[in-house]
Ligand code: UDP
């Protein structure tokens, strides 16, 4: 497929999205810029764009093999990927297998406490409001999605979790939690979009509990680039 960037449609914290000559496709370009705490903390993680692009595409391909539809079309180079054009459902879906981060704080659970069932949380995607958590009623009341769409998003998220837990376990990584975003195609189908990377997942070494994700940046732990590179090595991408 021959695709070229035309106009810049959107520049986010970690990615740029370009239009192409074909209205059904966009090109996503991953940057090394890192932010945390709703943009309060800023920095650069050298090589992160390459890791996140390649890891996301690897995960999307794996999920497609399991029958989960994603926006992935074709990797153009180490930072750029052709994706289906979708309108993003304004929800961040968080899936949790063990307590960490904001859930640990909110419920007073020690980080690493196993969840008896996977926990699904929805947040309204709005930086000015700090992505507030919303429930099913809020989503319907505000018109962020229909019940049918919520049900589809929930079942897809749990299916993604199942595949990801199994895959990461096979490379000695404990999948603690992660964030997904979904989009709607021009014919109304809900597909998985955005990225799956150390920016959006918590990965702990299955034996030592060492953090191999963006928490090293958020918490000033050092070894950030090394952790991203280690994840690439584990999944066989370098
Ligand atoms: N997450 C994300 N983007 C966000 C918020 C959370 O990718 O804007 C991911 C985060 O990397 C973690 C999971 O969602 O894997 C749960 O994050 P949490 O609610 O604990 O918030 P945090 O501690 O990151 O503020």
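Checking each residue in the range 101-146 for being more than 19 Å from residue 204 (Cβ to Cβ), near the ligand (Cβ under 10 Å from one of its atoms) and either in a loop (DSSP other than H, G, I, E, B) or in contact with a strand residue (DSSP E or B) (Cβ under 7 Å, 6 or more places away or on another chain) (or both) picks out 121, 123, 125, 130, 131, 133. Take the conditions under 17 Å from the mean Cα position of the chain (by Cα), surrounded by fewer than 20 Cβ atoms within 10 Å (Cβ to Cβ), touching a residue at least 24 places away in the same chain (Cβ under 8 Å) and more than 15 Å from the ligand (Cβ to nearest atom) and apply them to residue 61. Does it pass? No: the conditions fail for residue 61.
Applying the criterion of being on the phi < 0 side of the Ramachandran plot and in contact (Cβ under 8 Å) with a residue 12 or more places away in the chain to the residues of the range 101-117, the residue that is surrounded by the fewest Cβ atoms within 10 Å (Cβ to Cβ) is 114.
Of the residues making up the range 91-100, those that are more than 16 Å from the chain's Cα centre (by Cα) and either near the ligand (Cβ under 7 Å from one of its atoms) or not in a loop (DSSP other than H, G, I, E, B) (or both) are 98, 100. Looking at the range 90-97, can you tell me whether even one residue there is out of contact with any helix residue (DSSP H, G or I) (no Cβ under 9 Å at 6 or more places or on another chain) and closer than 24 Å to residue 216 by Cβ? Yes - at least one qualifying residue is present in the range 90-97. When residue 237 is tested against (1) in contact with a helix residue (DSSP H, G or I) (Cβ under 8 Å, 6 or more places away or on another chain); (2) in a strand (DSSP E or B), exactly one condition is not met: (2). Answer yes if at least one residue in the range 183-197 is within 29 Å of residue 113 (Cβ to Cβ), surrounded by fewer than 15 Cβ atoms within 10 Å (Cβ to Cβ) and in contact with a helix residue (DSSP H, G or I) (Cβ under 6 Å, 6 or more places away or on another chain), and no otherwise. Checking the range 183-197: not a single residue is within 29 Å of residue 113 (Cβ to Cβ), surrounded by fewer than 15 Cβ atoms within 10 Å (Cβ to Cβ) and in contact with a helix residue (DSSP H, G or I) (Cβ under 6 Å, 6 or more places away or on another chain).
Per the listing 50, 82, 46, the residue uniquely in a loop (DSSP other than H, G, I, E, B) and away from the ligand (no atom under 16 Å from the Cβ) is 46. Among the residues of this structure, residue 205 does not count as one that is out of contact with any strand residue (DSSP E or B) (no Cβ under 8 Å at 6 or more places or on another chain) and either more than 16 Å from the ligand (Cβ to nearest atom) or within 24 Å of residue 51 (Cβ to Cβ) (or both).
If we scan the range 15-26, do we find a residue that is free of Cβ contacts under 8 Å to residues at least 12 places away in the same chain, farther than 27 Å from residue 218 by Cβ and either more than 16 Å from the ligand (Cβ to nearest atom) or part of a helix (DSSP H, G or I) (or both)? There is no residue in the range 15-26 that is free of Cβ contacts under 8 Å to residues at least 12 places away in the same chain, farther than 27 Å from residue 218 by Cβ and either more than 16 Å from the ligand (Cβ to nearest atom) or part of a helix (DSSP H, G or I) (or both).
Against the test of being surrounded by fewer than 18 Cβ atoms within 10 Å (Cβ to Cβ), at pLDDT below 95, closer than 24 Å to residue 127 by Cβ and in contact with a helix residue (DSSP H, G or I) (Cβ under 8 Å, 6 or more places away or on another chain), the options 39, 43 yield a single qualifying residue, 39.
Here's the yes/no breakdown for (1) outside any helix (DSSP H, G or I); (2) more than 16 Å from the ligand (Cβ to nearest atom); (3) touching a strand residue (DSSP E or B) at 6+ places or on another chain (Cβ under 8 Å):
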{"residue": "149", "(1), (2), (3)": "no, yes, yes"}
{"residue": "152", "(1), (2), (3)": "no, yes, yes"}
{"residue": "155", "(1), (2), (3)": "no, yes, no"}
{"residue": "162", "(1), (2), (3)": "no, yes, no"}
{"residue": "166", "(1), (2), (3)": "no, yes, no"}
{"residue": "174", "(1), (2), (3)": "yes, no, yes"}
{"residue": "178", "(1), (2), (3)": "yes, no, yes"}
{"residue": "182", "(1), (2), (3)": "yes, no, yes"}
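The values are calculated or read from the model by the stated rules, or taken from the named source; none is laboratory data. Computed from a predicted structure; not experimentally measured. Cβ sites come from the backbone with ideal geometry, for glycine too, and all protein chains shown count toward neighbours.
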